[in-house]
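Remarks on the structure that follows.
The values are calculated or read from the model by the stated rules, or taken from the named source; none is laboratory data. From a predicted model like this one, the values you see are computed outputs, not experimental measurements. With ideal geometry, Cβ positions are generated from the backbone for all residues, glycine too; neighbour counts draw on all protein chains shown. Accessible surface is based on the protein model in full, side chains and every heavy atom, while ligands, DNA and RNA are left aside. Shrake-Rupley method; radii C 1.70, N 1.55, O 1.52, S 1.80 Å.
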Amino acid sequence: MLEQLLIFTRGGLILWTCKELGNALKGSPIDTLIRSCLLEERSGAASFDYNAPGAAYTLKWTFHNELGLVFVAVYQKILHLLYVDELLAMVKHEFSGIYDPKRTVYSDFDETFRQLKKEAEARAEELKKSKQVGKPVNNSKKQGQVQKAGLGGDKKKNEGGLASDGGDGDTMKGRRLENGNSNGNHVDIKESNMFGTANGKENTSSNLGAFDVNKLQKLRSKGGKKTEKTVTVDSNGSKAEPKKKITKKNRVWDDSPPESKLDFTDPVGENGDNNTEVVAADHGESMMDKEEDFSSESEAEEEEEEEVGKESKPDKQKKGWFSSMFQSIAGKANLERSDLEPALKALKDRLMTKNVAEEIAEKLCESVAASLEGKKLASFTRISSTVQAAMEEALVRILTPRRSIDILRDVHAAKEQRKPYVVVFVGVNGVGKSTNLAKVAYWLQQHNVSVMMAACDTFRSGAVEQLRTHARRLQIPIFEKGYEKDPAVVAKEAIQEATNNGSDVVLVDTAGRMQDNEPLMRALSKLVNLNNPDLVLFVGEALVGNDAVDQLSKFNQKLADLSTSSNPRLIDGILLTKFDTIDDKVGAALSMVYISGAPVMFVGCGQSYTDLKKLNVKSIVKTLLK
């Protein structure tokens with residue numbers, strides 16, 4: 001049963017809802033659809049599932065892009081209504097005929113909708129009955145049995161040597177013609193494909209035997225080639241001697257201590273002090289506070305290069321303008337899907353060359369197509385430029401954070417409540433969690449925020465020593481309990497210690513883990529649920545391509561599935577590392593933000609403590625579409 005159908009504008013004004021359909025919806029499926037699907041450029045999907053306590057709905061929608069209208073149908077997820085798509089198309093056609101931008105009430109559309117709903121339900125019932133009546137289950141089975149029997153008979157005749165030269169081919173032709181194929185040439189092609197061809201010639205009578213002989217000859221020829229190779233290898237030397245099998249030598253165990261020194265680390269005292277010179281936090285100003293100047297200079301340089309390119313090739317530009325004028329669709333009423341396909345395909349290929357995951361690029365193009373289909377195109381305007389402008393708007397909307405990512409403000413808010421601000425760094429192996437944790441600590445230090453590190457990577461050898469080295473260089477306290485301890489308990493004790501000492505921020509370092517490692521993902525979920533951090537940062541490489549989708553989706557899925565809370569904590573933000581190694585392959589940022597909905601809060605662009613930046617959305621979009 002259809003739960004609700006409503007029509008609203010892209011500005012959010014509800015024009016019409018069906019009051020006769022059921023009770024009020026549980027939860028807020030329409031708001032969730034707008035927030036997590038339509039605004040996130042996922043409108044190219046076929047449907048959207050809404051799950052909430054006591055409610056499970058499926059939502060389908062369609063657009064009228066020329067009028068700026070959205071039509072949404074809601075029904076129970078357990079039901080499979082066949083007429084919803086057709087009903088939406090009919091409602092869209094009828095409502096667009098009576099739509100007036102100055103009008104806000106359409107009470108006269110109730111009777112029209114009632115008739116459309118009856119027509120759609122009747123057609124769905126007829127279609128269901130026709131499918132049930134017209135199922136040729138028995139006939140297809142019998143035909144398959146007849147064909148199998150014919151093939152089996154031919155095989156037996158060929159194996160026993162009783163088949164004549166042309167008998168089998170004629171009988172096969174007769175059987176194929178009885179099954180409905182009247183074209184003799186088509187039947188011969190099928191026979192040749194079925195029985196195999198030898199050297200490009202059709203032998204329908206004894207093809208099975210010929211195929212076996214050729215197969216044997218090929219195997220013999222392969223064997224001959226192998227023996228020739230071995231002979232030539234042997235003939236290179238003066239005497240061909242067979243190679244002796246290398247046997248494993250027995251290990252000699254000696255109780256005497258090794259003479260060489262294996263531990264090359266400097267001696268460390270009980271308090272972690274050694275002879276290494278402690279470097280104060282004077283590494284310079286972090287790039288987080290001067291991102292805008294750096295980006296504006298790079299953009300200005302790119303604009304100058306473009307102007308020089310335009311001046312150097314005036315003839316080519318003129319030629320392109322005239323050719324684009326002929327390619328424009330002046331006088332065409334509305335854009336159709338077939339008109340957009342070439343431009344969308346070129347745009348998808350361009351995004352994929354910039355390291356955007358294929359799945360994400362395809363979904364983005366589908367969403368842009370859904371937003372442009374049916375719109376009027378201005379005279380002498382190219383479709384490619386229209387598609388690119390729509391994609392640029394979509395990319396800016398996706399990459400722009402939907403909430404505040406001002407960590408300093410959140411830190412001061414937590415300080416007023418007299419509790420530390422806890423940040424947990426998670427991610428796969430080798431992406432640079434510990435190094436970028438130190439960069440974030442240095443940036444917070446520059447803003448007069450007291451920081452404490454928590455060494456909760458009790459799995460990887462050397463992880464605690466690595467974090468201890470960063471803490472000593474930055475003169476930051478570190479909480480550690482060694483290895484083979486429960487990370488969740490270590491993090492909890494670190495937060496208690498920070499509360500007692502008056503630290504403003506606790507940066508929790510965790511072990512790297514692959515998204516498919518069930519035990520380590522369970523331990524991470526326990527750490528997050530037990531300590532309830534203020535921010536869960538996913539640290540990912542900018543070098544990653546299609547695997548970004550798999551990593552983030554599975555991290556979020558595992559955190560949700562293994563959580564004991566009804567409202568599980570998921571990834572809140574992203575820290576992109578190794579951004580200085582990718583040139584213009586910046587697509588990982590788009591893939592990660594699209595799949596998780598979390599903003600990119602930091603960008604690591606080097607190996608020093610100052611190499612931490614904010615994400616410049618305009619620069620990324622310009623690079624993606626360049």
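For every residue, the table says whether it meets (1) among the hydrophobic types (A, V, I, L, M, F, W, C); (2) at pLDDT below 80; (3) open to solvent by 60 Å² or more (accessible area, probe 1.4 Å).
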site	(1), (2), (3)
78	yes, no, yes
88	yes, no, no
139	no, yes, yes
143	no, yes, yes
153	no, yes, no
170	no, yes, yes
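Kindly establish whether residue 621 is within 23 Å of residue 406 (Cα to Cα), in a helix (DSSP H, G or I) and modelled with pLDDT of 90 or more. For residue 621, the condition - within 23 Å of residue 406 (Cα to Cα), in a helix (DSSP H, G or I) and modelled with pLDDT of 90 or more - is met. Restricting attention to the range 577-584, does a residue exist that is open to solvent by 10 Å² or more (accessible area, probe 1.4 Å), farther than 22 Å from residue 625 by Cα, of a type outside the set (A, V, I, L, M) and at pLDDT below 90? No.
For residue 505, state whether it is at pLDDT 90 or above and of a type in the set (Val, Ile, Thr). Yes; evaluated as a whole, the condition is true for this residue.
Name the one entry in 386, 381 that is open to solvent by less than 90 Å² (accessible area, probe 1.4 Å), within 16 Å of residue 335 (Cβ to Cβ) and assigned to a helix (DSSP H, G or I).
That would be 386, the only listed residue that is open to solvent by less than 90 Å² (accessible area, probe 1.4 Å), within 16 Å of residue 335 (Cβ to Cβ) and assigned to a helix (DSSP H, G or I).
If you check 45, 52, which single one turns out to be in contact with a Gly (Cβ under 6 Å, 6 or more places away or on another chain) and not polar (S, T, N, Q)?
Numbers: 45 fails: in contact with a Gly (Cβ under 6 Å, 6 or more places away or on another chain).
Only one candidate passes the filter, namely 52.
Per the conditions (1) within 16 Å of the chain's Cα centre (by Cα); (2) among the hydroxyl-bearing types (Ser, Thr, Tyr); (3) surrounded by fewer than 17 Cβ atoms within 10 Å (Cβ to Cβ), the sole criterion not satisfied by residue 564 is (1).
Per this entry, residue 558 is not counted among residues that are open to solvent by 10 Å² or more (accessible area, probe 1.4 Å), touching a residue at least 60 places away in the same chain (Cβ under 8 Å) and not assigned by the TED database to the domain that holds residue 52. Of note, residue 596 does not satisfy the criterion of being more than 23 Å from residue 407 (Cβ to Cβ) and at pLDDT below 90.
Okay, residues lined up against (1) free of Cβ contacts under 8 Å to residues at least 40 places away in the same chain; (2) more than 20 Å from residue 427 (Cα to Cα); (3) in a helix (DSSP H, G or I):
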| site | (1), (2), (3) |
| --- | --- |
| 473 | no, yes, yes |
| 488 | no, no, yes |
| 497 | no, yes, yes |
| 500 | yes, yes, yes |
| 503 | no, yes, no |
| 511 | no, no, no |
| 527 | no, no, yes |
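The single residue among 543, 590, 524 that is under 20 Å from residue 434 (Cβ atoms), surrounded by 22 or more Cβ atoms within 10 Å (Cβ to Cβ) and in contact with a helix residue (DSSP H, G or I) (Cβ under 9 Å, 6 or more places away or on another chain) turns out to be 524. I'd like to check something: does the range 485-501 contain any residue that is open to solvent by less than 30 Å² (accessible area, probe 1.4 Å), over 30 Å from residue 418 (Cβ atoms) and either at pLDDT below 95 or not β-branched (Val, Ile, Thr) (or both)? No. Examine the range 548-555 for a residue that is farther than 29 Å from residue 579 by Cα, touching a strand residue (DSSP E or B) at 6+ places or on another chain (Cβ under 8 Å) and in the same structural domain as residue 450 (by the TED database), and state whether such a residue exists. Taking every residue of the range 548-555 in turn, none turns out to be farther than 29 Å from residue 579 by Cα, touching a strand residue (DSSP E or B) at 6+ places or on another chain (Cβ under 8 Å) and in the same structural domain as residue 450 (by the TED database).
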